[in-house]
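What follows is a single structure, written as structure tokens, with notes after it.
The values are calculated or read from the model by the stated rules, or taken from the named source; none is laboratory data. Treat the numbers as computed from the prediction; the structure is a model and nothing was measured. Neighbour counts are summed over all protein chains in view; Cβ atoms, including those assigned to glycine, are modelled from backbone coordinates with ideal geometry.
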Amino acid sequence: MRNLASVVAVLSLVGACGGNKKSEPEDARTIDAPPACTSPIAGTTITARQIGQVPGGAMLATSPPGDPRLFVVDQTGLIRIFDGEQLQADAFLDISNDIVAGGEQGLLGLAFHPQYAANGLFFVYYTLSNANVIARCNVSATNPGKAMGCTPILSVPDFAGNHNGGMIEFGKDGYLYIGTGDGGGGGDPQRTAQNLGNLLGKILRIDVNGRDAGKEYAVPADNPFHTEVWMYGLRNPWRWSFDTNGDIWIGDVGQGVTEEVDVLTPSEQKGANLGWSIYEGTNCCMTQGDKCTQSGTQAACSPANIVMPKDSRTHGNGWLAIIGGQVYRGVCFPDMVGWYFYTDNSRGRLVKARLKPDGSLETVDVPGSFPNNPASLHADSRGELYITTATNPGRIYHLEASP
Ligand SMILES: [Ca+2]
């Protein structure tokens, strides 16, 4: 992803919790709805309410199943907890000395094991200078606000500082899905995305509950190529998510012309080729040197067996690096339910979309002003959506609706 602000660690916990804080009841941890809306609020006027900030860039906000706390990924290598919208003084995890951060690199992803409450396991995605690493971590047995540490389980060699993917999420099948970028540079210089022997430019799928010989995980028997690869042909799937029905919604960051949204139902996902770097969006991408240009003959590209995007947004219209979001499945704002919200790193815009019966996408530009330099738009385990920003400090906003 381009334009992601370089972030410098400023470790100042005092006064780091900004935004509109509310006075919470003592039993805030036990109520099963966000503090802002203990009863549903009708309306279609969408706003983003800042609930806090963290010293480094805020890459993602998510939470374990059934857990009312919000866990925020700080690009510099920390995971911080908001409890009742209050930033907790002690970081949940600090691996800042074990990673390389800045630009598009750093601690980029977090996913809690579906049985986190019982096994205390969670997974992170971070970068080194020459690899993207997925690590298994565990929480303290005695302190739910403190992680013990992480063990790398998969390292994907990388050759450039950009296009690192970074999103990880568990599917309904219990497997961990991992989004990797094409490695970087420009124009897919090493042709990784279409190379099924390379784990870059892919959505991977692994079984973290199993162990193949020599591995810290197992490759599911029904993976299409008998490797970790689940889908291929991606450039930089910076942010993506599963809907509750198993559909995957991917924001794949484009090269010089087109940002794309890909939506695949569960039956469409296995082995899917999303096109890069044969196509950028729906344009034949004649890769020359490190450039993908549209000057070549379109006949050189065949769309056969390629899954085309459901939505394309051009740089000519001000899109530069799409931030894939998530379908709202919360209970607070019933008029948001079923809509997928997404944005762009270059400016504070918001679009909502939903699949029509014919498989095409209905899209609506959401009026209003939304956070600049967003890094993610993702749900907590209750389905509430949060925008986080790659600014310094990184800000966290709750997406809300009102009449
Ligand atoms: Ca890279």
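A few comments on the model shown:
- In the set L196, L204, L200, only one residue is under 19 Å from the mean Cα position of the chain (by Cα) and away from the ligand (no atom under 13 Å from the Cβ); that residue is L204.
- Segments classed as strands (runs of 3 or more DSSP E), wholly inside segment 99-161, with at least 2 members that are within 12 Å of the ligand (Cβ to nearest atom) and touching a strand residue (DSSP E or B) at 6+ places or on another chain (Cβ under 6 Å): 131-139, 147-157
- Segment 87-108: number of residues that are within 16 Å of the chain's Cα centre (by Cα) and free of Cβ contacts under 8 Å to residues at least 60 places away in the same chain: 3
- Those residues of segment 162-174 which are surrounded by fewer than 22 Cβ atoms within 10 Å (Cβ to Cβ), more than 10 Å from the ligand (Cβ to nearest atom) and in a loop (DSSP other than H, G, I, E, B), in sequence order: G171, K172, D173, G174
- Meets criteria (out of contact with any Phe, Trp or Tyr (no Cβ under 8 Å at 6 or more places or on another chain), surrounded by fewer than 20 Cβ atoms within 10 Å (Cβ to Cβ), at pLDDT below 95 and on the phi > 0 side of the Ramachandran plot) for G66: yes
- Assessment of segment 322-329 against the conditions (over 16 Å from the mean Cα position of the chain (by Cα) and modelled with pLDDT of 95 or more) yields at least one matching residue.
- Close pairs (7 angstrom Cβ cut-off, 6 or more residues apart or separate chains): in a loop (DSSP other than H, G, I, E, B) in segment 41-60, among the aromatic types (F, W, Y) anywhere: I41/F333
- Of the residues making up segment 175-185, those that are buried (at least 18 other Cβ atoms within 10 Å of the Cβ) and within 16 Å of the ligand (Cβ to nearest atom) are I178, G179, T180, G181, D182, G183, G184.
- Selection status of G174, closer than 25 Å to F242 by Cβ and of a type outside the set (S, T, Y): yes
- Residues in segment 315-344 that are among the aromatic types (F, W, Y) and within 16 Å of A379 (Cβ to Cβ): Y328, F333, W339, Y340, F341, Y342.
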